[in-house]
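The values are calculated or read from the model by the stated rules, or taken from the named source; none is laboratory data. All figures in this text were calculated on a predicted structure; none of them were measured in a lab. FYI the Cβ positions are ideal-geometry reconstructions off the backbone, even for glycines, and counts take in every protein chain you see.
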Amino acid sequence: MKRRIVLFTLAAAAFLGLVEYAARAAADSGAIKDEILKVEEQRNQALQKNDVEALGRVYADDVVYANATGALLTKEQHLADLKARTLNFRSFKHDDVQVRVHGDTGVVTGISTSAAEYKGTVSSSPRRFLNVYVKEEGRWLCVAHFETPVAKP
């Protein structure tokens, strides 16, 4: 009988420890998601204001950037498009934004209906976007950006 009580007590303590760990992990994940969304918003604001300097701080030097036309750009090429005004945002709107965290990596997805002019062509059709952020030396950096048209039902 004593043995059962000891085993029950140990099992209950282990269960409560797991519950506490899960609660702490969920709170940490929420804080990390907030950090990533803050950097994502900084990126969005910089795009709207054509703030190349701010974007230079948000993007990793080796960012993989695939725009809505399918062009694969380096960081330098993307920032040069903004500097030269060959990329301009006429309006900016993102919906259904979600963040998933995997260790020091955050994946942001959503739907963009922003009106963007790229090399003389204006597009405002819905596009699904994916931004990947990695925490390096205490900072979240965008290491990948991808857009694709949303399939019509």
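In segment 100-109, is there at least one residue being surrounded by 12 or more Cβ atoms within 10 Å (Cβ to Cβ) and under 24 Å from Glu53 (Cβ atoms)?
Checked segment 100-109: at least one residue is surrounded by 12 or more Cβ atoms within 10 Å (Cβ to Cβ) and under 24 Å from Glu53 (Cβ atoms).
Filter segment 98-153 down to the residues that are outside any strand (DSSP E or B) and of a type in the set (D, E, K, R), then identify the one that is nearest to Glu35 (Cα to Cα).
Asp104
What is the residue count in segment 44-75 for residues that are crowded, with 17+ Cβ neighbours inside 10 Å and acidic (Asp, Glu)?
Qualifying residue count, segment 44-75: 0.
Considering Ala144, Ala116, which residue is of a type in the set (A, V, I, L, M, F, W, C) and modelled with pLDDT under 95?
Ala116
Scan segment 48-63 for residues that are closer than 20 Å to Val97 by Cβ and modelled with pLDDT under 95 and jot them down.
If we filter segment 48-63 for residues that are closer than 20 Å to Val97 by Cβ, which is where we start, we get 48-49, 54-55, 58-59, 63.
Result: Gln48, Lys49.
Cβ-Cβ distance below 7 Å, separation of 6 or more or different chains: which pairs start in segment 61-81 with a residue that is within 19 Å of Ser125 (Cβ to Cβ) and end on one that is of a type in the set (Lys, Arg) and surrounded by 12 or more Cβ atoms within 10 Å (Cβ to Cβ)?
Correct list of pairs: Ala68/Arg127.
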